[in-house]
Amino acid sequence: MADVAKLAGVSHQTVSRVLNGAPHVRSDTRERVLAAIRELDYRPNSAARALVTRRSQTLGVVSFDSTLYGPASMLDGIERAARTADYFVSVASLRSLDSRSMQEAVDRLRDQGVEGVVVIAPQISAVGALAKLSSSVPVVAVGSGSQSRMPMVSFDNRSGAEVATRHLLDLGHRTVHHLAGPAGWLESADRQDGWRRALEAGGARVPQVESGDWSARSGYEVGRRIAHDPEVTAVFCANDHMALGLIRALHEAGRAMPGEISVIGFDDIPEAAYFTPPLATVRQDFGELGRRALELLLEELAGVAHTRDHVQLSPEMVLRRSAGPARRA
């Protein structure tokens, strides 16, 4: 910084004010300092700055160690929002979201000097772990449904499932079968609940639930079991990957889509529009989720009272050709 000040012909304090974005610096002086910074390829020492400001500009994220589209997209949305707000992100990925693992992860992040922590908590076990969590820095949960007692941002999975199921009933299907996600996942439980509510509200029969593990393979296996059942004319899948496997099995069995059977997924993965037929699905805006989670955490850091501690984002129905009117004999 002394070298920058010497080259620009200003004081050390002026360089500091320019670097920190202080408003009371003349524009020609600011330009000379910035030119000197570029010429010397100066990079501020973040550790030294943290000692002075007592702020690390770093946030911690405890993430479920998964390549599944939902959790991975939540992490990406949070990281993008943090970069926009000029924060670095330090990630701790866990294979298990039990109390001990989560507490150890938060403690490690605190040792790195993070100012706050976002916990991606898509499993039911994480809700109990969050309730027992001890932290001297603010913590915000993402994807933990309405069960979390701490500040939280999530999608309204129940309403998304209700909208998808109701759409199929409105197309004339007598009932809608459901390919659910695995037990122990909040999204799986909430989407199943929303599907059931829509059927009961519409006076439709509630069929037996088929379960998968979020993978296309599990959707394919379920598809092979139901492909030749003429009573199955509509299926709501708890995610798009299982819908992909289901559609493959239905194609192999010669079931016309959407003429004989309609399928709706959940997530709107980037490939959904390129399925055969293009997949109708429920879209989740993970970028908005990351932005709202970061907004909630920054309010915590600033000591600002929240308008709402629990923020639920509404999913959006995306209509494509995999869902159509029921065929009548």
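Round to the nearest 0.05 the FRET efficiency obtained for residue 28 and residue 302 when R0 = 35 Å and r is the Cβ-Cβ distance.
Efficiency at R0 = 35 Å is approximately 0.55.
Please report the net charge: other residues with Cβ closer than 15 Å to the Cβ of residue 260, K and R +1, D and E -1.
+2
Which value, in Å², gives the accessible area per residue of the chain when a 1.4 Å probe is used on the protein heavy atoms?
About 49 Å² of surface per residue is accessible.
Quick one: which residues, 5 or more positions from residue 92 or on another chain, have an amide H under 5 Å from its amide H? H modelled 1.01 Å from N in the peptide plane, none for Pro or chain starts.
Residues meeting the criterion, in which the H sits 1.01 Å from N, are 61, 62, 63.
Once the Cβ-Cβ distance between residue 134 and residue 193 is put in as r, and R0 is 35 Å, what FRET efficiency do you end up with, to the nearest 0.05?
0.65
Each residue of region 124-137 in turn: what ³J(HN,Hα) in whole Hz from Karplus with 6.51, -1.76, 1.60 and θ = phi - 60°, glycine and Pro shown as x?
Listing the rounded values in order: 4, 4, 5, 4, x, 5, 5, 5, 9, 5, 10, 8, 8, 10 Hz.
First compute the accessible area of the chain with a 1.4 Å probe, then give the percent of it belonging to carbon and sulfur atoms.
48
Among (1) 62, 25, 23; (2) 49, 21, 16; (3) 43, 25, 18, only one was calculated for this model; which label is it, if the read-out is semi-axes √(5λ) of the Cα gyration tensor in Å?
So the structure-derived entry is (2).
For the pair residue 108/residue 213, report the inter-label distance in nm, with labels modelled 7 Å from Cα in the Cβ direction.
For residue 108 paired with residue 213, the spin-label model returns 2.5 nm.
Report the extension gain between residue 183 and residue 314 in nm, rounded to one decimal, defined as 0.36 nm multiplied by the number of residues separating them, less their alpha carbon distance.
44.8 nm
What are the ³J(HN,Hα) couplings of region 96-105, residue after residue, when phi is run through the Karplus curve with 6.51, -1.76, 1.60 and θ = phi - 60°? Round to Hz, x for glycine and proline.
Per residue, the Karplus-derived 3J(HN,Hα) values read 9, 9, 7, 4, 5, 5, 5, 5, 5, 5 Hz.
For region 90-133, state which trypsin sites (Lys or Arg not before Pro) are in a DSSP loop and have at most 14 other beta carbons lying within 10 Å of their beta carbon.
Qualifying residues, ordered by number: 95.
The values are calculated or read from the model by the stated rules, or taken from the named source; none is laboratory data. Being a predicted model, the structure only gives us computed values, none of them experimental. In this analysis, Cβ positions are derived from the backbone assuming ideal geometry, glycine residues included, and neighbour counts consider all displayed protein chains. SASA here: full protein model, heavy atoms, side chains in, ligands and nucleic acids out. Shrake-Rupley method; radii C 1.70, N 1.55, O 1.52, S 1.80 Å.
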